[in-house]
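The next block holds one structure in the form of structure tokens; read it before the comments.
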Amino acid sequence: MNTDKNESPMTQILADLKALAIGFATTFKHLFQKPFTEEYPEYKRPLPARSRARIILTRDPDGGERCVACYLCSAVCPVSCISMQSAEQADGRRYAPWFRINFGRCIYCGLCEEACPTAAIQLTPDFEMCKQDILALVYEKEDLLVDHGGKDKQYNFYQYAGVVTDVGEKGTHIKEEKPVNIRSNLP
Amino acid sequence: MLTWIAGFILLIVKLGIVLGCMLFLAAYLVWAERKLLARLQVRYGPNRAGKFGLLQPIADSIKMITKEDIVPEAADRIIFLVAPAVVATTALLMFAVVPFGSSLKIWGREIPLVISDLNVGLLYVFALSSLGVYGVALGGWASNSKFALLGGIRGAAQMISYELSLGLSLIPIVMLAQSFSLVDIVQAQANYPFIFVQPISFAIFFISAVAESKRIPFDLPEAENELGAGFHMEYSGMRFGLFFIGEYVHIQVLGALAAVFFLGGWRGPWLPPPVWLLLKIILVALVMIWIRGTLPRLRYDQLMELGWKVLVPAALINIVITGAFILI
């Protein structure tokens, strides 16, 4: 009820009744409409590629593990659900001998993905991973590793890194100058 | 002695049937409300438990019964435990005076189709519906929680104001039927239901009835989005279930009363009387659900203003006009 002084009470009442009638007619019309509901287990809405659910560890195009065990994801994780150990391969590449994510704690914030310098850790749209046993939600490296590049298929960290490994010698990396001889280019 | 025993057994059987029907109807009224409300809001509503979610009331009651019955440490224990029962019992007892048919003849014995034909049936109904407020107010008080207390206070204030217009709206009916007995009131509507002669009265009664049953747009004692759950906030398990049953039985009773006072009670062509009463109850309940699906909640002062400044004077004027007509 708005209290407009200029209108007579009768027109006011009629206007109110009309407003009520419109409301009731609207809900009555809804009765014969097909509900908008998407019924979940029968219909699964295709999720955007960037929606954040189960975390994976991706590989570079050559099939090597991208993760260099830098601990950045573990450090940025607000609930500390990522833990790992770092080690070095014979050619100097760093890797994680074990890598563990506790999905019972994970809040799927995606900060690990943002922190990752090698695009190794990525979130996928697959969210149907609940378990009765909470310990079954602790994923080890074998559970996390996949054999594809995730969202960034062509990226290979060691082709840019400037670190001497099997992937490239000094000066062979992308956007890297040939090494100069510091003795011969003295003034 | 033998007739006394036979009468007693009959009463128990009648009580059992009515109680069973009411609880069953209350359970399926919840289902109907959820389903219909969902469709009004362009959703599906419960559709997982059984076909069309028809087993949902059973699933709900199993859940309610098996849940833990928590009593808050700071609560006033005894009152806290009793309050839900008050709501449910008063709602159930109100149905005792509602006639659901004229009478049945079995083995040469006349069985009136009403549990108790009180000659002050209408006053009995009001007495019980006023008592029902105690369940709300005490439940809110005993919970020892600010939200529950606010809900309880609102409940009490709202009930007092709407009880008045509810009672006043029925005085013209009593004047027309010249009786307080619900059986006589239905008898007086043999030619035409009273809604045709007392439409204003019906409107006041219906609005007050919705307010009595604490439903949207008058659900201030519950007011989910300001008080959590209002007066039954601290309740869990079957005690919460009792409040719920009380509310839905209350809807049925108010539907039955609307039918008895205005829609001709069990009267109707072709179908047997109890079915007519049932249909009228369901019709009133469906309209109440429709209202719930459409209107927003009134503010507290608007609620009070509507009760005291609109409904009560309108009911009083209606009484005067009806009296004048009867005198002429």
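Derivation of every value follows stated rules applied to the coordinates shown; laboratory data play no part. Source: prediction; values computed, not measured. Neighbour counts are summed over all protein chains in view; Cβ atoms, including those assigned to glycine, are modelled from backbone coordinates with ideal geometry.
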Which whole-number percent gives the relative contact order of chain B, counting Cα pairs below 8 Å spaced six or more residues apart? 23 percent
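Full extension from residue B:6 to residue B:302: what is 0.36 nm times the residue separation minus their Cα-Cα distance, to one decimal in nm?
101.2 nm
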Tell me whether segment B:179-328 comes out rounded, prolate or oblate; compute the Cα gyration tensor, take square roots of the eigenvalues as a ≥ b ≥ c, and use a/c under 1.5 as the rounded threshold. oblate
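Where does the charge balance sit around residue B:126 when Lys and Arg score +1, Asp and Glu -1, over other residues with C-beta under 15 Å from its C-beta?
Details: positive: none; negative: B:163, B:212.
My count for the surroundings of residue B:126 gives -2.
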Could you name the lysines whose alpha carbon sits less than 22 Å from that of residue A:151, not counting residues in the same chain fewer than 8 places away? A:44, A:141
Shape of segment B:4-149, Cα gyration tensor, a/c cut at 1.5: oblate
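Computed FRET efficiency, Cβ-Cβ of residue B:321 and residue A:44, R0 45 Å: what is it to the nearest 0.05?
For R0 = 45 Å, the calculated efficiency reads 0.10.
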Taking only the alpha-carbon atoms of the protein assembly as shown, the convex hull volume per residue, in cubic angstrom, is 265 Å³
Roughly how many nanometres apart are two label points built 7 Å out from the Cα toward the Cβ at residue A:53 and residue B:44? 1.8 nm
Computed over segment B:139-211, the relative contact order (Cα-Cα under 8 Å, seq sep at least six) in percent reads 32 percent
Prolate/oblate/rounded call for chain B, Cα gyration tensor, a/c under 1.5 rounded: oblate
If the cut-off is a Cα-Cα distance under 20 Å, which lysines reach residue A:29, setting aside same-chain residues fewer than 8 apart in sequence? A:18, B:35
Lys pairs, segment B:67-327 - Cα-Cα below 26 angstrom, 8 or more residues apart or on other chains: 6
Residues of type lysines that residue A:170 reaches as a straight line, Cα spacing below 22 Å, ignoring anything fewer than 8 places off in the same chain: A:178
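Which of the helices in chain B meet the span-like rule: DSSP H, Cα axial reach of 20 Å or more, Kyte-Doolittle mean at least -1.0?
B:2-40, B:77-94, B:121-142, B:146-177, B:237-261, B:273-294, B:312-327
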At a Förster distance of 45 Å, what's the computed FRET efficiency of residue A:28 paired with residue A:146, Cβ-Cβ distance as r, to 0.05? 0.30
0 to 90° range, to nearest 10: angle between helix A:9-30 axis and chain A longest Cα axis: 50 degrees
What FRET efficiency, computed as 1/(1 + (r/R0)^6) with R0 = 35 Å and r the Cβ-Cβ distance, is obtained for residue A:175 and residue A:105, rounded to the nearest 0.05? 0.35
Within segment A:20-61, chymotrypsin sites (Phe, Trp or Tyr not before Pro) in DSSP loop having at most 13 other beta-carbon neighbours inside 10 Å: A:32, A:36, A:43
Cut-off is 10 Å between beta-carbons; in what order do B:192, B:124 appear when sorted fewest neighbours first? B:192, B:124
